[in-house]
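Some notes on the structure that comes next.
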Amino acid sequence: MFDYNSFTNAVIKANKELYEYINTHMDSSDLEESSTIGYGGDNTLNIDLIAENIFIKYLDSFGDIFSEEAGLLTSNSNIQIIIDPLDGSHNFLSGLPYYGTSVALKVDSEIKAGFVVNLVNHIMIYKVNGDLKQIDILNNKTINSFEIKNPQIGVFERAYSYPNIARKLNEKKLKFRSPGAVALSLCNAKNYNFVLFVGSIREFDIAAALYICSDLFIHIEAEFLIMAKKQYYLTLIKEIIKEE
């Protein structure tokens with residue numbers, strides 16, 4: 001039987017090592033582009049590869065690794081670990097404090113656990129076998145979280161590429177932000193009216209957060225994903241998208 005506790009501890013250790021590296025060992029060369037293009041299609045920074053190697057070190061003994069940078073490393077297990085080792089790397093590169101990591105655990109083709117860490121405030125939101133928790137990775141203490149009952153904004157990731165959709169949201173008086181780290185935005189969807197993600201949807205970006213927020217209203221197609229607290233927002237945004 002799979003040891004979920006050991007896996008959770010390994011995810012925490014990987015994130016903690018990455019957090020400590022960023023805050024105590026990183027230098028300017030880590031922010032330079034490497035000589036490779038990641039499997040996800042983005043230019044790879046040296047810090048992306050450092051982060052990926054940290055996660056591989058802690059997690060590859062549990063199953064096959066499928067990473068945004070390296071792709072599928074092996075394919076001989078019923079367990080697949082889907083990782084984005086640095087969610088929001090452009091934010092990170094620019095000193096914008098909104099970036100993190102994402103890990104999803106797939107057992108026999110079904111997601112069984114999702115972990116998203118905000119590396120700025122070192123808080124991990126995770127769900128394992130349906131049990132949702134939030135902890136501080138530096139001391140493993142549980143965080144008493146609460147849901148924002150009446151949020152004032154939504155999130156539209158990659159809004160800069162879809163000005164017509166942004167304009168229509170504004171016309172409907174739907175306030176939104178576009179912070180630039182998809183996994184972080186999605187996993188916190190319960191605190192927003194909606195999260196809209198338009199563009200090329202990759203498993204690394206969404207797998208963990210989809211599992212964490214599976215109780216929300218969700219609609220996903222080839223090039224857009226909507227998460228909403230209420231059916232009203234889901235329906236309204238679907239109509240806006242269909243007009244494009």
- Query: Under a straight-distance cross-link criterion of Cα-Cα below 16 Å, which lysines are reachable from Lys141, leaving out those fewer than 8 residues away in the same chain?
  - Reply: Lys13, Lys16, Lys127, Lys133
- Run down the aspartates and glutamates and flag those whose C-alpha is under 19 Å from the C-alpha of Lys238, throwing out any fewer than 8 positions away in its chain. Glu157, Glu171, Asp215, Glu221, Glu223
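Restricting to Cα pairs below 8 Å that are 6+ residues apart, what does the relative contact order work out to for the range 4-142? Please round to a whole percent.
Rounded, it is 16 percent for the range 4-142.
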- Message: With the cut-off at 1.5 for a/c, could you classify the chain from its C-alpha gyration tensor as rounded, prolate or oblate?
- Response: prolate
- In percent, what relative contact order does the chain have, based on Cα pairs under 8 Å that are 6 or more apart in sequence? 14 percent
- Task: Calculate, for Asn144 and Leu96, the FRET efficiency according to 1/(1 + (r/R0)^6) with r their C-beta to C-beta distance and R0 25 Å; round to the nearest 0.05.
- Result: 0.35
- Message: Need one word for the range 60-127: rounded, prolate or oblate. Basis is the Cα gyration tensor (sqrt eigenvalues a ≥ b ≥ c); a/c below 1.5 gives rounded, then a/b vs b/c decides.
- Response: oblate
- Message: Given Cα positions, please report Rg to Rh for the range 154-242, the hydrodynamic radius being the Kirkwood one.
- Response: 0.91
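FYI, it's all coordinate maths here, none of it is from the lab. As the structure is a prediction and not an experimental result, all values here were calculated from the model. Neighbour counts are summed over all protein chains in view; Cβ atoms, including those assigned to glycine, are modelled from backbone coordinates with ideal geometry.
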